[in-house]
Amino acid sequence: MNAFSRGFTVFILIFLLNPVNHLYAAPYNLTGACKPFKTDSPPHIDGIIEESLWQSCSIDTLFITYNPAFGDTLQQRTKIHLAYDAEHLYFAFRCLDDQPEKIKTSISQRDRIFSDDWVGFSLDALGNKQSSYDFFINPNGIQADILSTATSEDTAPDWVWESAGKMDDRGYQVEVSIPLRSIRYAGGEESIMGILFWRKISRFGKSGSFPKIEPGQSSLTVNLSIVYESLKHPNQIEILPSLTFGSQEERATPQNWD
């Protein structure tokens, strides 16, 4: 066996003996993990955050900019609320703004809101730090969604989900409902996911995130850990009706059926 063959063999043995280090990202740290409120009464998705369930799990924070430069504090506060039930994940955002008349929004086609003000989140539903479902909403409730991986962003998927937005004299509010049947996730006693929140204020030309994304970091590696309890996979039934029949007849003449 020559030196190259011995070195290659050692490499293969090391790879096989340590597959986790090469194939999988480190698991989420559950210290300080967010645990959304489980409800039996789903919220009405109308862009008005008034149900009491929204106060059971909330985050009040200032986002840190990643665009155009890292490290500034996004000037306006954002309040985030999280809940869920057996069939949906729910999110609500109170985007405070001391100059609400300067908020930019539009009634546009899906996926064309990125020149507006918007708020959103990336959900690593499988908890493997390899991909995320990205959901964005402008102040009018218009949606955009992206499937992100470590190497690409795909705007083609248009998942089924519900959103509503409403502007007022304090900024704007957004409510979101994500059907569990629209995403892939690991069910069980505890479903551990990752989440990253986003907000853009267009008049400042700045976008921020929580947690922060430092230069050189992937958004898939900085997620806040989030734990849902006792999520079950919904039964999905697809009905595809079809009908097949046959007949046999004889002609009385070459031109006429009998």
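The values are calculated or read from the model by the stated rules, or taken from the named source; none is laboratory data. Since the model is a prediction, treat every value here as computed from it, not as a measurement. With ideal geometry, Cβ positions are generated from the backbone for all residues, glycine too; neighbour counts draw on all protein chains shown. Note: areas computed on protein heavy atoms with side chains; ligands, DNA, RNA excluded. Shrake-Rupley method; radii C 1.70, N 1.55, O 1.52, S 1.80 Å.
Of note:
- 3J(HN,Hα) along the stretch 63-71, derived from phi through the Karplus expression 6.51 cos²θ - 1.76 cosθ + 1.60 where θ = phi - 60°, amounts to 7, 9, 5, 10, 9, x, 9, 8, x Hz, with x in place of Gly and Pro.
- Kirkwood hydrodynamic radius over Cα pairs of the stretch 170-258, then Stokes diffusion coefficient at 4 °C and 1.567 mPa s, in µm²/s: 66 µm²/s
- Normalising the Debye intensity of the stretch 193-233 to I(0), with uniform scatterers on Cα atoms only, and taking log10 at q = 0.23, 0.27 Å⁻¹ returns -0.81, -0.94.
- In straight-distance terms, cross-link reach from LYS102 covers every one of the aspartates and glutamates whose alpha-carbon lies under 20 Å from its own, apart from those fewer than eight places away in the same chain; here that gives ASP116, ASP117, ASP168, ASP169.
- Calculated Rg and Dmax of the chain using C-alpha coordinates, Å: 24.8, 89
- Note on exposure: ILE201, ILE107, ILE192, ILE142 ranked by accessible area (1.4 Å probe, complete protein assembly) read ILE107, ILE192, ILE142, ILE201, with the most exposed listed first.
- Based on protein heavy atoms only, the chain ends up with 57 Å² per residue of surface accessible to a 1.4 Å probe.
- Within straight-line cross-link reach of LYS129, lysines at Cα separation under 24 Å, skipping those fewer than 8 residues along the same chain: LYS35, LYS200, LYS212, LYS232
- For the stretch 163-202, the spherically averaged projection of the C-alpha convex hull amounts to 4.6 nm².
- The chain, helix-only ellipticity at 222 nm - DSSP H runs n ≥ 4, -39,500 (n - 2.57), divided by all residues, nearest 500: -2500 deg cm²/dmol
- Nonpolar atom fraction for the chain, defined as the carbon and sulfur part of the 1.4 Å probe accessible area, stands at 52 percent.
- Applying a DSSP loop filter and a limit of 13 other Cβ atoms within 10 Å to the chymotrypsin sites (Phe, Trp or Tyr not before Pro) in the stretch 157-258 leaves PHE245.
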